[in-house]
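The values are calculated or read from the model by the stated rules, or taken from the named source; none is laboratory data. What you see is a predicted model; the values in this text were computed from it and never measured. Positions of Cβ are backbone-derived with ideal geometry, glycine not excepted, and every protein chain shown enters the neighbour counts.
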């Protein structure tokens, strides 16, 4: 695992994103931090996150990786993006009830407006459970026109505080 000082990442307040939103009563409310070249989030999934008994649902696993890879770009590149494509490889079952660390890292540069990342989920012993790659596309100002001005202002202000 990458060594370095843990730096907590402030996130947007008052939105309903299932993965990171602060006002979604059924959401995950993921918290993020920087550790070296990685953006990370720690989570322990429970019974309501299962697919099979005691195993996390694969779709939820992809949500975790999608979100941490997106936040990797938000934090390091200071861009707003949407997912273009993702590939996952499930290496070991992801059990519920155990601490997990989800990590994202920028990958080799892609042709603008695309940004590449990779992600992984590890258990408390550091064993690799799932790995992923992602390709994201930067949102233009026109794409952001549907976002309320107050939310845009909060996001732009927050980006200035990152790294």
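Checking the stated criteria, residue 13 turns out not to satisfy the condition of being surrounded by fewer than 19 Cβ atoms within 10 Å (Cβ to Cβ) and in contact with a strand residue (DSSP E or B) (Cβ under 8 Å, 6 or more places away or on another chain). Note on the stretch 121-136: residues that are surrounded by fewer than 20 Cβ atoms within 10 Å (Cβ to Cβ) and in contact with a helix residue (DSSP H, G or I) (Cβ under 9 Å, 6 or more places away or on another chain) amount to 2. The single condition among (1) within 14 Å of residue 78 (Cβ to Cβ); (2) part of a helix (DSSP H, G or I); (3) in contact (Cβ under 8 Å) with a residue 60 or more places away in the chain that residue 151 does not satisfy is (1).
Scanning the stretch 45-61 for residues that are within 15 Å of the chain's Cα centre (by Cα) and either more than 13 Å from residue 19 (Cβ to Cβ) or crowded, with 17+ Cβ neighbours inside 10 Å (or both) turns up 60, 61. If the condition is being free of Cβ contacts under 8 Å to residues at least 12 places away in the same chain and under 23 Å from residue 35 (Cβ atoms), then the stretch 53-109 contributes 108, 109. Considering the stretch 125-142, the residues that are at pLDDT 95 or above and part of a loop (DSSP other than H, G, I, E, B) include one that is farthest from the chain's Cα centre (by Cα), namely 125.
Given the criterion surrounded by 12 or more Cβ atoms within 10 Å (Cβ to Cβ), modelled with pLDDT under 95 and closer than 20 Å to residue 162 by Cα, identify the matching residue among 110, 106, 79. Give the steps one after another, and end with the answer.
Values: 110 fails: closer than 20 Å to residue 162 by Cα; 106 fails: modelled with pLDDT under 95.
Only one candidate passes the filter, namely 79.
The residue pairs whose first member lies in the stretch 17-28 and is free of Cβ contacts under 8 Å to residues at least 12 places away in the same chain, whose second member is surrounded by fewer than 14 Cβ atoms within 10 Å (Cβ to Cβ), and whose beta carbons are closer than 8 Å, counting only pairs six or more residues apart or on different chains, are 22/13; 22/14; 23/14; 23/16; 24/16; 27/16.
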